[in-house]
1. If you go through the stretch 1-20, how many residues are more than 16 Å from S124 (Cα to Cα) and either out of contact with any strand residue (DSSP E or B) (no Cβ under 7 Å at 6 or more places or on another chain) or aromatic (F, W, Y) (or both)?
2. Hey, among L226, L241, L247, L269, which residue is closer than 30 Å to Q142 by Cβ, of a type outside the set (S, T, Y) and free of Cβ contacts under 8 Å to residues at least 60 places away in the same chain?
3. Would you check which residues across the stretch 186-219 are of a type in the set (D, E, K, R), touching a residue at least 12 places away in the same chain (Cβ under 8 Å) and touching a Ser or Thr at 6+ places or on another chain (Cβ under 9 Å) and list them?
4. For residues that are in contact with a Lys or Arg (Cβ under 7 Å, 6 or more places away or on another chain) and among the polar types (S, T, N, Q), scanning just the stretch 36-74, find the one that is surrounded by the most Cβ atoms within 10 Å (Cβ to Cβ).
5. Condition first: within 18 Å of G273 (Cβ to Cβ) and either at pLDDT 85 or above or loosely packed, with under 14 Cβ neighbours inside 10 Å (or both). Now tell me which residues in the stretch 220-236 satisfy that.
6. Take A235 and decide whether it is under 36 Å from the mean Cα position of the chain (by Cα), on the phi < 0 side of the Ramachandran plot and without any contact (Cβ under 8 Å) to a residue 24 or more places away in the chain.
7. Report yes if S24 is without any contact (Cβ under 8 Å) to a residue 60 or more places away in the chain and of a type in the set (S, T, N, Q), otherwise no.
8. Test of understanding: among G57, G95, which residue is of a type outside the set (A, V, I, L, M), under 18 Å from the mean Cα position of the chain (by Cα), within 27 Å of L148 (Cβ to Cβ) and in the same structural domain as S124 (by TED's automatic domain parsing)?
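The values are calculated or read from the model by the stated rules, or taken from the named source; none is laboratory data. None of the values given here were measured: they were computed from a predicted structure. Note that each Cβ is placed from the backbone with ideal geometry, even for glycine, and that neighbours are counted across all protein chains shown.
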Amino acid sequence: MNIMSVPVTVGSVPAGPLPSRILSLDLTIKNPSSLAICVLDAAWRVETGDGHIIATGRLFREAGPTIEGMQDGYAHLSIPMTPQALSLIEERRGGGDVVIHAFSSALIAYVVPSTDRPILSQPSYAQFDNRGQGLVEHLIPQSEWVKLLSAMQWSELELIELPSRNLRALPIVGRAIERFEGARDCYRRGLWAEAMANCRRAIEALVKETTGEDDMGKSHAAITQLVGEGPRAEAIDDLLLALSSFLHLARHEAQPPVEITPTDARLALHLTGAILAYLGEPPK
C-alpha cells in the first residue's frame, strides 16, 4: 500500500485546566503537492517516548477545510491529559524532559480544479510525520513541562486534596502550606532530597507558627492547640514525630548519607500533605 507522507512541524504546546485538561500540539502542515489537499479523517495514537499509550482517537482539529498547493496549513492535536496519562508520564520522566510520540492514520484527498466547481479525488492513505516512518515526535523540556503541569492544574499527587481555603484562613498554618508547595515544586523538578527537606520545613513551620518557638519538642503543644487535648492529640503528635524522623533522612549532614529516591519523596509528600489537610479540617 502506498502511503503518502505529509510533513509537519510542531510549534507551541499550550495546555488547558480542568475540566477538560487538554495538552495541544500546534501543528504546521506542509502541503508538498501543487494541488490543494483536504484531510478527510485522521486517527491518532499518542505515546510516551518509551511506547506507553497516552491517548488514542480522532484528536485532530484543522484550522481550515483545505490546504492550498505548496502552502502551509494549521491544525491542533488535542491530547486529553487524564490522571492516568499524567501519572504515566510523571512516573517515567523522573524529573526530566517529556518526549511525545504521535502516530497517525489519515485519509487525504486532492482538490482537483474543474470548470464547474472543484472536486475531490479518490482518498489516499497518509501519515503525518516530522521524523519519518509516520512519527511526529516532540520533546518538551523539563522547565516548560513544569509550567504545563501548573496550567493543567495537576498536583502530581492527586490523592492529596488540600482544603487550601480552610488552611490559609489559619495564619498559624499559612507558612507550612508555603513550605509544602515548595516541596511539590521540588518534586516536579526531580529534586527528591529537596522535596523531603521542604516537607520537614513545613512541619517545623507548623510548630513554630503555632507555639511561637522554633522547637520540634513543642509539637505536642502545637497539636493540642489545633485539635484540643486528649488521645487524638497524643496519637497525632506521635505520628508527627515519626514523620519528622523520616524527613530528617534528607539532611545533607546525615551520617551515613542516605540517597533519597522518588519513592521517598513521594511518601514524604503524601504524609505531610495528609497531615496538613487533616489539621485544616480537624474533627469537631
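1. To start, the set of residues in the stretch 1-20 that are more than 16 Å from S124 (Cα to Cα) comprises 8-20.
Among the residues that remain, those that are also either out of contact with any strand residue (DSSP E or B) (no Cβ under 7 Å at 6 or more places or on another chain) or aromatic (F, W, Y) (or both) are: 17-20.
Going through the stretch 1-20 one residue at a time, the tally reaches 4.
2. On the way: L226 fails: closer than 30 Å to Q142 by Cβ; L241 fails: closer than 30 Å to Q142 by Cβ; L269 fails: free of Cβ contacts under 8 Å to residues at least 60 places away in the same chain.
Going through L226, L241, L247, L269 in turn, just one is closer than 30 Å to Q142 by Cβ, of a type outside the set (S, T, Y) and free of Cβ contacts under 8 Å to residues at least 60 places away in the same chain: L247.
3. Of everything in the stretch 186-219, those that are of a type in the set (D, E, K, R), touching a residue at least 12 places away in the same chain (Cβ under 8 Å) and touching a Ser or Thr at 6+ places or on another chain (Cβ under 9 Å) turn out to be R188, R189, R200, E204.
4. T48
5. Within the stretch 220-236, the first condition is being within 18 Å of G273 (Cβ to Cβ), and the residues that meet it are 222-223, 226-227, 236.
Across the stretch 220-236, the qualifying residue is only I236.
6. Values: under 36 Å from the mean Cα position of the chain (by Cα): yes; on the phi < 0 side of the Ramachandran plot: yes; without any contact (Cβ under 8 Å) to a residue 24 or more places away in the chain: yes.
Yes: the conditions hold for A235.
7. On the way: without any contact (Cβ under 8 Å) to a residue 60 or more places away in the chain: yes; of a type in the set (S, T, N, Q): yes.
Taking the combined requirement at face value, the residue satisfies it.
8. On the way: G57 fails: under 18 Å from the mean Cα position of the chain (by Cα).
One residue alone meets the criteria, G95.
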